[in-house]
Ligand SMILES: Cc1ncc(COP(=O)(O)O)c(C=O)c1O
C-alpha cells in the first residue's frame, strides 16, 4: 500500500479573516441615516465568506480518514460502511425539515416510520414495548437502569436492592450507567474461556441485587453459551437482566435478547443499523422491555389508531429522557436499512460479520495471540504482549501505512489489547492487507515502531499531556 494523506497547514476557522473587498469597502458606507437607537454593535463572529468556510472544511475532510475512504476496523465501535441510500432518505427535506411541533395529522408518514421501527425492533429483540427516545448507547443504558430502579421502587424494594452486577469484560459505560442510576456496582470476573464465571455470579447475586448488566456476545467477541443459566440465577433472586445491545450485529435473526431471557435491552442503532458509531455522534439507542415494564419507559410512543398514527404521550412513570422524538435522522436510517435488507439479509449480514471476524483472527494469529480460544462472533481481541511490541505502537504503524487502527487497550482484562471488528462490509483484500500490516509491524523493532508515524499530517501525540492538560480552545 502506498500511503498519501493530504497535508494542509490549516488555521482555526476563527483565524481565517478573509473578507471580500466589497465588505471591506462597505465599512466606509455612511450609515448615519439609521438612527443610533436602531444600530447594533457588530456581533463578534469571524467574517468569512461561504466559499472559504466550505474550502476550510473540505481541506480538513481531506486530511481525515473515514469509512468512506477505507477499512475502519475499530472493535466495539462498529464502523461499518454507511449505505448511501440511508443517508439520502435521511436528507430528504420531507423528513429533515419537519418542525417537531407540527400537528400529527400533517406528519403521518414520519409517524409511520417511527411506528414501523418500533415494531421491527420488537421483532428483532423479542420484546414487548419500545421507546425510541435515548440518544446514545450510554443514554439507553441509563434509561434502562432508571426503568429497573422505578420497577423496584414501585414494588417497595428499592431500599433493599442497591446493587447492579457487571462482568469485568463489560464496556465502561455499563458500570458508569449503573452508578449514575444510583446503584452500587459489583464486578464479577470472567473465567478462562472469557465467559461469566458462574460460581462468582451465584455468589454475587443476592436479594440486594437489582440487575445484571451484560452484553452477549461480550466485548471479547465471545457468545456466552451459559446465558440461560445466567438468566435463571439472576431471576431466581428476583433481579432483572439487562442486555447491552451494542453487539447486536452478531446475532440479528439468529437469536434475540428475549429468547435469552433478558428483561430490558438497548440497541445501538448507530452501530448495527446504517450509522457508523465512531466520531462522536449523533446516535440513537432505543430501549425495549418486557410487558411488565412497559408502563415505565419514556414516551412518546407512536401508536396506530383507526384514524392514523398518533403520539402516545402517556405519563410514563419515568418522565422523559430526551427532547421531542430522539435522534430522528438516525432512526430514519435504521428504518430504511432494516426495510431494505429484510429479515433474510439482516441475518446474512450477521453471518458475514462473524465469518469475517474469524477469518481475520486466523490470519493474524501467528503474529499476535488471540485472547481466548474458540470461535469468535463479530469481533476479535488479540494481544501483542508476547510479541514484545506495544499495542499502541502497532496501531501507529497501521495508521502510518494508511489504514485506520483497531481499538487498543480495551477490553481492560486483556493486556496490550488490539480489538478488531471487521463487520460484514469489509472485503477479503482489506482483511489480508490488515493482517499483512500486523505482520510487518511485529517484524519491526520496538524502537523503529516508536518513531512512527511519519507519513501522517500530525505526528505522534503526547497522550499523557493530552489527557492531563485538557485545553479545548485557544
Ligand atoms: C458494548 C458497548 N456497550 C455500550 C456502548 C456505548 O454506546 P455509546 O458510545 O453510543 O454511548 C458501546 C460503544 O461502543 C459498546 O461497545
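Looking at the P(r) of the chain, how many percent of alpha-carbon pairs lie beyond 30 Å?
Cα-Cα pairs in the chain separated by more than 30 Å: 53 percent.
Taking each pair of distinct Cα atoms in segment 206-247 once, what is the resulting Kirkwood hydrodynamic radius in Å? That comes to 10.7 Å for segment 206-247.
Counted residue by residue at 0.36 nm each, then reduced by the alpha carbon distance between them, the extension gain from residue 69 to residue 255 reaches 63.7 nm. Principal semi-axes of the equivalent ellipsoid, √(5λ) from the alpha carbon gyration tensor of segment 143-291, are 23, 18, 14 Å from largest down. In this label model, residue 427 and residue 365 are separated by 2.6 nm, measuring between points 7 Å along each Cα→Cβ vector. Distance between the pseudo-spin-label points of residue 457 and residue 313 (7 Å out from Cα toward the beta carbon): 4.5 nm. Segment 355-383 and segment 240-259 have Cα centres lying 21 Å from one another. Multiplying the residue separation of residue 303 and residue 60 by 0.36 nm and removing their Cα-Cα distance gives an extension gain of 83.1 nm.
Dividing the convex hull volume of the alpha-carbon atoms in segment 86-341 by its residue count gives 121 Å³ per residue.
When each of 92, 127, 260 is scored by the number of other beta-carbon atoms lying within 10 Å, the sequence from fewest to most is 92, 260, 127.
Where does the chain land at 222 nm, in deg cm²/dmol rounded to the nearest 500, when only DSSP H runs of n ≥ 4 count, each adding -39500 (n - 2.57), divided by all residues?
Numbers: 16 runs with 173 residues, N = 474.
After summing the helix terms and dividing by the residues of the chain, the value is -11000 deg cm²/dmol.
Across segment 337-474, Cα-Cα distances exceeding 20 Å account for 52% of all pairs. Taking every alpha-carbon pair under 8 Å whose residues sit at least 6 apart, the chain reaches a relative contact order of 20 percent.
What order do you get for 152, 324, 267 when you list them from fewest to most C-beta neighbours inside 10 Å?
By the 10 Å Cβ count, ascending: 324, 152, 267.
Here the spin labels are modelled as points 7 Å beyond Cα on the Cα-Cβ line, and at residue 97 and residue 159 they lie 5.8 nm apart. You can think of it this way: the chain between residue 193 and residue 53 has 45.1 nm of extra reach, that is 0.36 nm per residue less the Cα-Cα gap. Ordered by the number of other Cβ atoms lying within 10 Å of each residue's own Cβ, fewest first, 445, 350 fall into the sequence 445, 350.
Since every read-out is calculated from the coordinates, none of them should be taken as a lab result. Not measured: the values here are computed from a predicted model. Counting neighbours? That spans all protein chains shown, and the Cβs are built from the backbone with ideal geometry, glycine included.
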